[in-house]
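Written out below as structure tokens is the structure these notes cover.
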Amino acid sequence: MKSALFLAAAASLFATAAMAGETIPVGPFRAIQIHGGGSVLLHKGSTQHVTLTDGSTRYTSFYVDGDGTLQIDTCRHTCPQGTYKMQVDIDTPGISGVAIEGGGAVIGDADLPVTKFSAAVEGGGNIDMRAVHARDVHAAVEGGGHIQVYAGSHLTAAVNGGGVIEYWGKPELTTAVAGGGFVRAGL
């Protein structure tokens, strides 16, 4: 009996591990939103390509909604007990926005051609898009979180209920802060 349980547990671990590095087939998207944690790394690419590098499609779902946003639900129904890690690498020629709901991180590591860009965090999370040089940026944090962006011409930034928005570049600023938090030039 013990050996049967061990074999079942081992098979489950190997099945989950086999999903890492999986290419995710999705349609074209303009923006990305994460629900429930995990991390997304954005890279400049000639075509859009989504790869689940840590985690499993058994728990994490991907779909593009009617607005052209790639929705990533880290734990669609339930997650395995213990720590479930989800990481996605995305290659794309451009992006218009990223959002996090309920924790997680999005990091852009390349200058993607962007005129207008939006970033939003609700309920915790970190967005670091300093490498993506946008002309006009809208950024909002509600209920905690941290956003780092580069804005060349204009930044509209709002913080409600705690959080931080840091910016690089020399944009014209429009800001609103309520319930704690701040908007400041990056160091």
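Yes or no: Asp109 surrounded by fewer than 18 Cβ atoms within 10 Å (Cβ to Cβ), out of contact with any Cys (no Cβ under 9 Å at 6 or more places or on another chain), acidic (Asp, Glu) and in contact (Cβ under 8 Å) with a residue 12 or more places away in the chain? When the stated conditions are applied, Asp109 passes them.
Could you pull out every one of the strands (runs of 3 or more DSSP E) wholly within segment 135-187 that has 2 or more residues that are under 15 Å from Val121 (Cβ atoms), without any contact (Cβ under 8 Å) to a residue 60 or more places away in the chain and not aromatic (Phe, Trp, Tyr)? First the steps, then the outcome.
Numbers: elements: 146-160, 164-168, 172-178, 182-185.
Result: 146-160, 164-168.
Please work out if Ser46 is small (Gly, Ala, Ser), over 18 Å from Val132 (Cα atoms) and part of a loop (DSSP other than H, G, I, E, B). No: the conditions fail for Ser46. Taking the conditions (1) surrounded by 21 or more Cβ atoms within 10 Å (Cβ to Cβ); (2) out of contact with any strand residue (DSSP E or B) (no Cβ under 7 Å at 6 or more places or on another chain); (3) of a type in the set (Val, Ile, Thr) in turn, Thr83 satisfies each one other than (1). For segment 61-97: of the residues being assigned to a loop (DSSP other than H, G, I, E, B) and in contact with a Gly (Cβ under 8 Å, 6 or more places away or on another chain), which is farthest from Gly37 (Cα to Cα)? Applying the filter and picking the extreme gives Pro93. Just for segment 151-187: of the residues that are closer than 16 Å to Phe117 by Cα and hydrophobic (A, V, I, L, M, F, W, C), which one is nearest to the chain's Cα centre (by Cα)? Filtering first and then ranking leaves Ile165.
A short reminder: the numbers here are calculations on the coordinates, not readings from a lab. Keep in mind that what you see is a predicted model, and the values were worked out from it rather than measured. Note that each Cβ is placed from the backbone with ideal geometry, even for glycine, and that neighbours are counted across all protein chains shown.
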